[in-house]
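Below is one structure, written out as structure tokens; comments come after it.
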Amino acid sequence: MKQEQPTGICEELTFSGFFKSHAKALRNFLYYKFGNEEQADEATQEAFIKLWENCASVPPEKAKSFLYTVANNTTLNHIAHKKVVLEYSKKNVNHDTNNQSPEFLMEEDQFKVKLQNAIANLSKAQRSAFLLHRIDGKKYHEIAEILGIGVKAVEKRIHGALLQLRKEIDTFR
Amino acid sequence: MNEDVTLAKWLNDEMNDRELKDFMAQPEYATYSKIKEFSGQLTVPQANMDALYQNITQKRNKSNQPKVRKLNPWMPRVAAILILALGATFFFYTTKTTTQLAAAGDRDTFLLPDNSEVVLNAGSQAEYKAFNWGSNRKLELNGEAYFKVAKGKTFDVITKWGTVTVVGTQFNVRARNGRLDVTCFEGKVKVTNGKETVFLTPGKTVAYDNGTKLNLPDVKANKPGWMNYETYFGKVRLREVLNEIERQYKVTIKLDTNVQNRFNGTIPMNNIDNALDQIILVYHLQAKKEGNTITLSAE
């Protein structure tokens, strides 16, 4: 029996490093699709286990797209969708500190709730693309890679998402 | 508007000044701007990524993976199975009994591991263990067989009614229904029958019928008659002669009369009519044939 030194993704350090840099975004992406944390966790695990199982045949530069391909395929098996629940970060609120009127703050809170609901009502395709940009700060070409579509298609989805969000928010103004 | 991606351009800060100015002039701009601002503040409920990683490392090691370290738990099992298989093979090999059989109407010639030759007459069976044959030449015989034994250590033919021991020789053993006949054709043969031991030289025959020693004439041929389909019977009960004919010709013979005299002579074993004629002539019988069954009765 030949004892080969593990290389590439098969190497523990490479694998864990790869996990650190990609697991969170993958999980987020899966969450945008399902709106279900457990399923997102589960699918993330499955994708990484699959990657490990195929570590010998997947070169490191292909690992990311392998991961998302597996994740995109797993999603087909899940049915129990839930409403996507997102929160606003507290520390990140960089309001101009000049004291705003209570009316203004209330209006802002109302808007935030409307936005949350509108996002939850987006189609999976639009929501995934939009949130990958807004939350994960992914570039359009990165989103295209993740979703396995072209950049143009990403832009269309983002455009459609914004259009849809604006309509829904303004309708219930 | 199908190909319109202006909103996407704006969200990604790709608009030029003029486009931006036009866009900002639109009444919807206020809402878009707020969407951009607040959606940027959104977060996902976070998971414990360390725990997730732990789960992955645990699960991935359970699945069959090309990790050498994962094969290790199997090594002792594989080794154990191999050893067991080896042990079992050795056990079966050392205790394995080879059985040679010649059915009625059939004969069987076979070689022992040392190239000793055995010819089984019809309706006979021999058993031996091939393992360690060179230093343990032993064969159990039920029926009749002619042996050409290769030189070497002692060679035992064990029958129910006595044991025949030789070193390297040619001899015939017939062990049937309480009677043992041993004829030596070459070399020296030792026959042990319970209380008595007899040494045979070429041409000599010893026979025991239910323990009673019978005196039989010398044999001049250099191999038993049955090998040439001429079976010699020396002082054999008629029923036993008929049994031999049954074995050779694969027939059933009924004897409807009581005959006491033993048969002395040679019977052809390749022509049943000639064989039966001999019997009929000697004992004044008549034969009736029905299929494979022959009935002999008083004339």
Quiz item: Of all residues in the stretch A:101-155 being among the aromatic types (Phe, Trp, Tyr) and over 19 Å from residue A:167 (Cα atoms), which is modelled with the lowest pLDDT?
Solution: A:104
Quiz item: Has the stretch B:164-172 got any residue that is modelled with pLDDT of 90 or more, of a type in the set (A, V, I, L, M) and over 17 Å from residue B:232 (Cα atoms)?
Solution: yes
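Identify, please: which residue in the stretch B:1-11 is surrounded by 13 or more Cβ atoms within 10 Å (Cβ to Cβ) and in a loop (DSSP other than H, G, I, E, B) and is, among those, farthest from the other protein chains (Cβ to nearest Cβ)? Before the answer, list the steps.
Step one: of the stretch B:1-11, the residues surrounded by 13 or more Cβ atoms within 10 Å (Cβ to Cβ) are B:4-11.
Imposing the further condition that a residue be in a loop (DSSP other than H, G, I, E, B) reduces the set to B:4-5.
On the way: B:4: 6, B:5: 4 Å.
Step by step, filter the stretch B:1-11, then rank; the result is B:4.
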Quiz prompt | Count of residues meeting criterion [of a type in the set (S, T, N, Q) and exposed (fewer than 13 other Cβ atoms within 10 Å of the Cβ)] in the stretch B:12-61 | solution = 6
Quiz item: Hey, any hits in the stretch A:143-153 for a residue that's more than 22 Å from residue B:13 (Cα to Cα) and within 11 Å of chain B (Cβ to nearest Cβ)?
Solution: no
Practice problem: Of all residues in the stretch A:134-173, count the ones that are assigned to a helix (DSSP H, G or I) and closer than 13 Å to residue B:35 by Cα. | Solution: 13
Quiz item: Of these, A:20, A:2, A:24, which one is basic (Lys, Arg) and either at pLDDT below 85 or outside any helix (DSSP H, G or I) (or both)?
Solution: A:2
Quiz prompt | In the stretch A:107-128, residue surrounded by the fewest Cβ atoms within 10 Å (Cβ to Cβ) [restricted to those that are of a type in the set (A, V, I, L, M) and at the interface with another protein chain (Cβ under 9 Å from one of its Cβ atoms)] | solution = A:118
Practice problem: Output the residue which, of all residues in the stretch A:10-44 that are at the interface with another protein chain (Cβ under 10 Å from one of its Cβ atoms) and more than 24 Å from residue A:125 (Cβ to Cβ), is surrounded by the most Cβ atoms within 10 Å (Cβ to Cβ). | Solution: A:15
Quiz prompt | Among (1) buried (at least 22 other Cβ atoms within 10 Å of the Cβ); (2) at the interface with another protein chain (Cβ under 7 Å from one of its Cβ atoms), the one test that residue A:163 misses | solution = (1)
Practice problem: Looking for whichever is touching a Leu at 6+ places or on another chain (Cβ under 8 Å) and farther than 21 Å from residue B:108 by Cβ here; the options are B:163, B:266, B:257. Which one fits? | Solution: B:257
Practice problem: Could you check residue A:45 against (1) in contact (Cβ under 8 Å) with a residue 12 or more places away in the chain; (2) assigned to a helix (DSSP H, G or I) and say which number it fails? | Solution: (1)
Exercise. Name every residue in the stretch A:25-42 that is free of Cβ contacts under 8 Å to residues at least 24 places away in the same chain and not small (Gly, Ala, Ser), in order of residue number.
Key: A:27, A:37, A:38, A:41, A:42
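What tally of residues in the stretch B:39-58 results from selecting those that are of a type in the set (Gly, Ala, Ser) and more than 7 Å from chain A (Cβ to nearest Cβ)? Reasoning before the result, please.
The first filter runs over the stretch B:39-58 and keeps only residues of a type in the set (Gly, Ala, Ser), leaving B:39-40, B:47, B:51.
From what is left, the residues that are more than 7 Å from chain A (Cβ to nearest Cβ) are B:51.
Of the residues in the stretch B:39-58, 1 are of a type in the set (Gly, Ala, Ser) and more than 7 Å from chain A (Cβ to nearest Cβ).
Are any residues in the stretch B:196-217 closer than 16 Å to residue B:169 by Cβ and assigned to a strand (DSSP E or B), and if so, which ones?
At the first step, the residues of the stretch B:196-217 found to be closer than 16 Å to residue B:169 by Cβ are B:198-206.
Once the filter is applied, which keeps residues that are closer than 16 Å to residue B:169 by Cβ and assigned to a strand (DSSP E or B), the stretch B:196-217 yields B:198, B:199, B:200, B:205, B:206.
The values are calculated or read from the model by the stated rules, or taken from the named source; none is laboratory data. None of these values were measured; they are calculated from a predicted model. Using ideal geometry, Cβ is built from the backbone for each residue, glycine included, and neighbour counts are taken over all protein chains shown.
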